[in-house]
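As structure tokens, the structure follows; a few thoughts come after it.
The values are calculated or read from the model by the stated rules, or taken from the named source; none is laboratory data. If you're wondering where the values come from, they're calculated on a predicted model, not measured in any experiment. Quick note on the areas: whole protein, heavy atoms, side chains included, nothing else; ligands and nucleic acids left out. Shrake-Rupley method; radii C 1.70, N 1.55, O 1.52, S 1.80 Å.
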Amino acid sequence: TCEAIEAYFEMRAATFSYLRHLGSAAAVAAGLIFSRPVCAAEENNKYIVLCYHSIPERYQGDPMSISAARLVEQLEWLREQGYSAIKLDQVLAAKAGKTKLPAKSFLVTFDDGYEDFYTNVFPLLKLYQVPAVIALVGKWTEDGVPSKNETDPHFSKQRFLTWAQIQEMTSSGLIEVA
């Protein structure tokens with residue numbers, strides 16, 4: 001149930017997203033700034049959205065990150081509970097009345113396009129066959145490094161995905177770009 005998922009992720013203190021409705025890829029990109037799971041409903045199509053930011057090689061307490069081990073734990077728990085990972089295209093098709101979502105669905109999103117998505121997350125998504133949406137910041141992708149940010153010490157240490165990495169991941173069929 002939605003309550004079980006919310007309780008699980010609350011207990012695990014992971015970083016996730018509240019989204020009420022997804023109407024377009026732009027809605028995903030604009031809405032992924034909150035920090036808990038939510039059950040979203042479009043008529044009979046219900047799904048949860050899980051939003052992540054960074055999965056660093058060495059988790060050091062950044063509040064916008066979790067460890068790869070924690071991500072695996074969450075993906076395994078969802079699988080054990082009978083949840084199906086869905087793509088954004090499936091959500092949009094269901095919203096348009098073209099299809100129905102599986103009874104227990106979840107959508108995975110990652111903000112910002114950090115390089116650790118390619119190195120630490122993409123291999124896990126392939127292993128578990130879980131699709132995901134990445135919301136990129138074009139300037140960061142072009143520059144490869146963030147602009148100076150005095151308020152977030154973790155941010156200045158990040159590197160970003162390259163266009164070649166993005167192309168490889170989208171070619172896999174698992175990754176959609178917002």
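In terms of modelled amide H atoms, which long-range or inter-chain residues lie less than 5 Å from the amide H of ALA135?
Answer set, sorted by chain and number: PHE110, ASP111, ASP112, GLY113, ALA178.
Beyond a 18 Å Cα-Cα separation, which of these cross-linked pairs lie in this structure: LYS46/LYS100; LYS46/LYS87; LYS98/LYS126; LYS46/LYS126? It would help to have the intermediate numbers written out before the result.
Details: LYS46/LYS100 9 Å; LYS46/LYS87 13 Å; LYS98/LYS126 27 Å; LYS46/LYS126 24 Å.
Too far apart for the 18 Å limit: LYS98/LYS126; LYS46/LYS126.
Give the accessible surface of the range 53-120 per residue, rounded to a whole number of Å², with probe radius 1.4 Å and ligands, DNA and RNA excluded. Display every interim value, and only then the final one.
Details: 3390 Å² over 68 residues.
Result: 50 Å² of accessible area for each residue.
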